[in-house]
Each structure stands twice: as C-alpha cells, then as structure tokens.
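A short write-up of the structure that comes next.
The values are calculated or read from the model by the stated rules, or taken from the named source; none is laboratory data. As the structure is a prediction and not an experimental result, all values here were calculated from the model. Positions of Cβ are backbone-derived with ideal geometry, glycine not excepted, and every protein chain shown enters the neighbour counts. Note: accessible area is taken over every heavy atom of the protein model, side chains too, but ligands, DNA and RNA are not part of it. Shrake-Rupley method; radii C 1.70, N 1.55, O 1.52, S 1.80 Å.
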Amino acid sequence: RLGHALRRRAGGSGGGSSGGSGGLCGRRPQCCAGQGGAAARGLVSGGGAPDRPAEEPVDLVASIRSGGFRQQEVLREVQRCRTHGLLSNLREYTVVIGRLGREHLWQQAVSLLEDMKQRSDFTPDAIAWGAVISACERGSQWQVVLRLLGEMTSSGAGGNLAAYSAAISACGKGLQWGQACALLDAMRDERATPNVVVYNATISACAKGRQWELAFRLVGSMREHFVTPDVITYNALISACEKGGQWPLALHVLAGLEQRGPQPNVVSYNTTMSACEKSSRWDWSLHLLEAMPGRLLEPTVISYCASMRACARASEWQRALVLFDDMARHGIEANEIAHSAAIGALAEGRQWAAALAMLAWMKCVSLPPDVVAYTSAVQACHGNQQWEQALAMLGSMRADGVPPNQVTFSAVMRACESAHQWQLVLALLGGMQQQGATPNIVSYGIALSACAKAEQWTLALALLSELRGAKVQPSLAAYGTAIDACQRADRWEEALATLSLLYADGLAPDARAYDHVVAACERCGEWEMAMLLLLEMSARGPQPTRKTHAILSRLPWSALPQDKYPGVPKPIAVVQPGAAQVAEASEPEGGTVAVSVPPHATASVAGGGGGGGGGDEGERAEAELERAAAEKCRAEAAPEEEKKEATEENKEEEAEEEEEEVLSYRLLDTGE
C-alpha cells in the first residue's frame with residue numbers, strides 16, 4: 001500500500017486516476033512485491049531522478065549499496081528514505097549506513113543509528129553498531145567513535161572485532177596512540193581475542209604517534225598471544241621506525257623480512273627508503289632502489305621520489321636529477337610528485353632558473369603544479385636572493401587557483417627577509433589569514449628577524465605580543481629575536497622586560513638571550529645591570545659564548561662599585577677559555593661564582609661573607625685590574641686610523657655572529 005501511494009504521488013494527478021485498485025498506469029500495487037525490503041519498494045525516480053520514467057520502480061536500497069549514486073545523490077535519497085519511513089528492517093539500515101560510511105557521510109550514519117534506537121520492532125545489533133563506528137572512523141572522528149563504542153558496550157550488543165579495529169584505527173588517525181593501546185587492553189579484559197587486523201591497527205596508531213618502541217613491544221606481544229604477524233604488521237613497524245627517525249631499525253626489520261619472511265612488498269621498500277630519506281641517507285636509499293628488481297619488485301614513482309628526496313636532503317641534487325631521468329628510461333611516467341621532488345632537488349642546488357623552467361614545463365605537459373612544486377620553486381628563489389621571483393611565484397599560484405599554505409608563505413617571507421624587505425615581510429604575514437593560511441611560529445620568527453635587522457624594535461615587540469595573544473606558544477627563538485631587536489636599538493629596559501616575559505611563559509633563556517640584554521645594557525652605560533645579568537646567567541647555567549667574552553672585555557671592571565649590592569654573589573675567580581667552566585651560585589650571604597673571561601680581560605670583585613679567596617688572590621686580582629686599565633688607556637690613545645680599523649673588524653665579527661644566531665634560531669623553530 002505504501003508503494004502504491006508513493007507511485008501515485010510520483011505520477012501526479014494523471015498517474016493515479018485508476019482509483020484505489022489499479023495503481024500507477026493501471027499497474028497493481030503488488031508489482032514490487034518480493035523485490036528487496038518493504039522500505040524501498042515502489043519508490044520511483046520521478047521524485048529524485050527526472051531522467052527515468054515516472055512509472056519505473058526502483059529498489060533504492062540496492063541502488064545505494066551498489067554505488068549507483070554519487071555522494072549528493074546518496075544524501076538526497078537517504079533523506080527521502082528517512083522522510084517517508086522507507087527503511088523497515090535492520091538489514092536495510094545497515095546497508096545504507098555502510099554506503100554512507102564509504103561516502104564519508106558520518107553525520108547521516110549517526111542519525112540513522114538514532115532512528116534505529118527509536119524503533120520498537122528491533123534494536124541495533126553489533127553489526128549495525130560496527131557499521132556506524134566504521135563510518136565515523138572514515139571521517140576521522142575518534143571522539144565520536146569512542147562514545148559510540150561505549151554506548152555499544154552498555155547497550156548489551158557487545159563489541160566485535162570489526163568495531164574495535166575501526167575504533168583503534170580512528171584513534172590512530174587522530175594521533176591518539178594512547179587511546180588505541182587502551183582499547184587493545186579493553187579487548188583483553190573483555191576476553192575478546194585480538195586478531196592480526198586489530199594488532200595492525202594498534203601498531204599503525206603507534207607509528208603515527210612516533211612511538212616506535214611501543215610498536216616493537218606490540219609485535220612481541222603478538223607472538224606471545226600466538227598471533228602471527230603478516231607483511232602489513234611489519235610495514236607498520238617500519239613506518240614507526242621511519243617516523244621516529246630510526247632508519248637503522250627500519251633496515252633491520254626489512255632485512256628480517258628478506259631472511260625469515262613474510263616476503264616484503266613494494267610498500268616495505270618504499271617505507272624503508274622514506275626512513276633513509278628523512279635521515280639524509282641517500283646511499284642506502286639508492287641501494288634499496290637498485291635491490292628491488294632483484295626481489296622481483298618493480299619500483300614505483302613513490303620509490304624514485306623517496307630516493308630523489310634523500311639525495312636532495314644530502315645536497316646530492318645532481319644524483320636526484322639522474323634518478324628523475326632514469327624514470328623515463330624505465331618506462332615510469334613522472335607525475336606531479338616526481339616533478340615536485342626534482343624541483344626540490346634544484347632548490348637544494350640553488351638552481352633557481354632551472355627550478356622555474358621545470359615548473360613551466362609541468363604546465364606545458366598538462367601537469368598542473370601543486371602547492372609542493374610551487375613551494376619548492378619559491379625556496380630555490382630564496383637561496384639565490386631572488387625575492388622578486390619569489391613574490392611572482394606567489395602571484396602565479398593565485399592565478400592558477402593553487403592556495404598557498406604556511407610553508408609557501410614562510411618561504412616567500414624568508415626570501416624577502418634575506419633582502420632586508422621588512423615591509424613586505426609584514427605585509428605577507430598580514431595577508432596569510434586572508435588566504436586561509438594561519439601564521440605559525442616559523443612565520444612570526446621570520447617577521448621578528450626582519451624587524452630586528454631593520455631595528456624596528458616597536459614592531460618586534462608588537463609581533464611578540466600578538467604571538468602571545470594568539471594560539472601559538474612563543475618559542476625561545478622568538479623571544480631571543482625580540483630581545484635582539486631591542487638591543488640593536490639600545491633599548492635596554494625593553495630588552496630586560498622581554499627577558500622577564502620569557503620567564504613568565506615558563507621558558508629558560510639561553511646564552512644568546514642573555515648576551516642581547518647584557519649588550520644593550522653595556523651600550524647604554526648600564527654597567528651594574530650588565531654585571532648582575534652576567535651573574536644571573538652564570539648562576540642559571542648557560543655557558544658563555546664568544547659574544548659574552550667580547551662584552552666582558554668591554555666592561556670597566558675597576559669602575560664598578562664593590563659594595564653597592566652586598567647580597568649579590570660576585571665573581572672572584574678568572575677562568576681562562578678552555579678550562580673547566582664553573583657555574584655555581586651560593587646563597588646571598590656568601591659564596592663564589594666563577595665567570596669565564598678572555599685572557600686579556602680579568603675580573604675580581606669581592607664577595608660578601610665567606611669565600612675561599614685569600615689576600616694573595618686579592619692582590620693578584622688587583623694587579624690584573626690595573627694592567628687591564630692600563631691596556632685600555634693605551635687603546636684609547638691609539639691613532640684614529642687604528643681605531644677605525646678595529647671598529648670595522650668588530651662590526652664584521654658582530655655581523656658574522658648575528659648571522660649565526662639567526663641561523664640557529666631558525667633551526668630551533670623548524671626542528672632541524
């Protein structure tokens with residue numbers, strides 16, 4: 001009767017003119033009897049697919065299951081089923097939920113589960129629950145999966161292997177390796193025996209969380225519970241080694257597969273080569289690539305790309321280009337990923353013109369460059385001070401409809417920062433959010449460095465404040481660059497305040513941060529504050545650097561007051577460079593602190609209370625101070641030309657030190 005009514009509705013006023021007994025076009029309402037469940041009988045395409053005849057009956061559940069609809073069509077037809085109540089039994093619900101999962105429509109799958117809970121004629125069984133959990137797993141909704149698994153257990157349906165495997169896989173996608181291991185333990189507590197699929201999902205979750213040691217323990221646990229690992233297990237184990245930077249262990253696992261089985265496949269070799277690539281072991285990557293044909297395995301594009309990237313990381317960019325040519329000789333068509341790897345190799349070799357030429361070649365052969373290819377080309381421009389070309393690449397991306405990401409913007413900003421174009425750097429930082437790319441710590445670090453080089457200390461402090469207000473935790477490098485900007489502008493009070501903010505955020509300053517603040521105090525004539533900061537630096541542990549020694553040599557030790565801060569420990573011993581560095585601070589009432597200084601500058605300031613410094617040491621220290629003062633007087637009496645030459649040499653040394661500091665801060669931010 002329901003099918004007959006729906007046919008009359010689909011056929012309009014003319015279709016149902018035969019009265020209650022005839023049906024659409026004179027057909028009997030029982031024409032669809034026996035064709036699938038009653039939920040989909042009699043539904044015609046006239047309401048959802050106009051290209052079909054209005055009188056043609058369609059088994060909707062079978063059509064949804066067989067893949068006859070696209071995603072939007074599936075969504076529309078499932079909504080019709082819910083509106084008209086066409087799903088009548090548990091099997092039909094499960095079939096439709098399974099198709100929704102394949103289309104990544106997890107919200108609709110959960111809605112159908114709620115519909116099943118409201119029915120009185122049946123309740124969801126373990127298979128239906130598992131289908132909904134699998135749909136949410138495909139949508140990477142690990143929180144929803146855990147909630148559904150708990151409801152499934154409390155409803156009495158009990159957890160099955162498929163549901164647990166999907167839940168563990170969802171936790172792996174969400175980088176929740178701890179939850180994945182907890183689910184594995186929960187299965188054992190419920191006396192459910194995990195199979196190889198469940199173990200593989202758990203090991204994969206540990207691999208994504210870079211927990212390679214735990215992955216090895218899980219493989220051992222499989223053997224203890226008489227579960228035989230398969231090649232997928234070992235591939236997941238190699239992936240854990242790759243993400244954990246353990247390339248020797250990845251080679252060890254692959255060698256075990258070759259000797260004891262199961263036989264490794266292409267994925268095994270590709271993952272191992274990727275582990276070698278991330279550690280810049282291009283020699284091993286090439287060895288594995290050459291060994292694949294001997295194992296009757298054909299290298300794929302992924303295999304060649306892994307070796308190309310390994311060569312590029314190790315500055316062997318010529319070898320990477322040779323591999324790119326070898327792909328064509330072996331009949332392997334280079335895709336977008338291969339071209340991007342080749343452009344990355346050219347970027348490592350600072351061949352920016354060739355990188356741009358290959359990018360243009362991709363467009364000629366109908367291979368639209370992706371964001372990785374564009375970013376690699378921008379990085380090639382940065383390495384050759386071609387900031388105009390980098391900006392042009394950013395414009396080309398927008399014209400081609402390729403949205404730039406954080407890495408792309410950071411590469412363009414770095415190119416402009418190297419050319420001292422700080423205004424463009426700030427403009428790019430402001431335009432990131434408009435392009436859908438959220439600035440990260442690397443982006444802010446580049447902008448801070450550009451402001452520091454331009455002595456724009458107010459902008460640097462504003463950027464640091466913006467960084468602290470955003471959802472980005474400021475790094476030690478960001479604080480150090482902001483302090484450096486204040487030091488360049490002789491703003492010692494602002495530099496000291498920024499150092500206090502660093503402490504407030506729970507970070508421990510390094511020697512460079514102290515050096516910048518001390519240098520600002522020294523340049524502004526705040527000798528006593530510089531002395532206190534040096535004492536604090538020595539007490540907290542950072543080892544003095546070359547810049548620290550240079551600052552120490554410029555301090556007027558004989559002019560410093562001896563008793564203004566009696567409670568502060570003073571350095572009483574001089575440690576020559578190369579000797580053991582002492583970094584111990586006593587209580588305010590007494591004790592000693594050793595400060596490392598260069599051979600031509602010595603310091604001895606009386607400490608308070610007890611100390612370990614006798615009269616002979618005090619006399620020798622005084623003599624050293626007098627000698628240092630005499631040397632300073634002779635230096636001041638030197639001719640103006642010698643002073644100018646010394647100043648230029650000092651500026652060159654300071655410029656070299658600044659470049660080293662900027663490089664070290666960048667390496668800290670990027671994790672290299």
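Tabulated data for the structure shown
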item	result
Simple spin-label estimate for ASP230 and ALA328 in nanometres, 7 Å along Cα-Cβ	4.0
Exposure ranking of ARG223, ARG188 by accessible area [1.4 Å probe, largest first]	ARG223, ARG188
Exceeding the 23 Å Cα-Cα cut-off - candidates LYS208/LYS363; LYS173/LYS363; LYS208/LYS278; LYS173/LYS278	LYS208/LYS363; LYS173/LYS363
Rounded to the nearest 10 Å², the accessible area of ARG398 at probe 1.4 Å	120
Neighbour net charge for THR193 - beta-carbon separation under 15 angstrom, K R +1, D E -1	-1
For segment 442-461 versus segment 319-395, the gap between their alpha-carbon centres in whole angstrom	30
Nearest-10 value in Å² for the accessible area of GLU298, using the 1.4 Å probe	140
Per-pair calculated FRET efficiency, R0 = 60 Å: ILE127 and LEU507 via Cβ, rounded to 0.05	0.70
Per-pair calculated FRET efficiency, R0 = 30 Å: ASN265 and GLU290 via Cβ, rounded to 0.05	0.95
Label point distance in nm, ARG468-THR438, each placed 7 Å from Cα along Cα→Cβ	2.1
Area of SER120 that stays accessible when all protein chains are in place (1.4 Å probe, Å², to 10)	120
Which of PHE122, PHE226, PHE409, PHE216 is most accessible, then next, and so on - probe 1.4 Å	PHE226, PHE216, PHE122, PHE409
Cα gyration tensor, segment 419-497 - rounded (a/c under 1.5), prolate or oblate	oblate
Probe 1.4 Å, all protein chains present, accessible-area order of LEU297, LEU448, largest first	LEU297, LEU448
Theoretical gain in end-to-end length, ARG546 to CYS524 [0.36 nm per residue, Cα-Cα removed]	5.9 nm
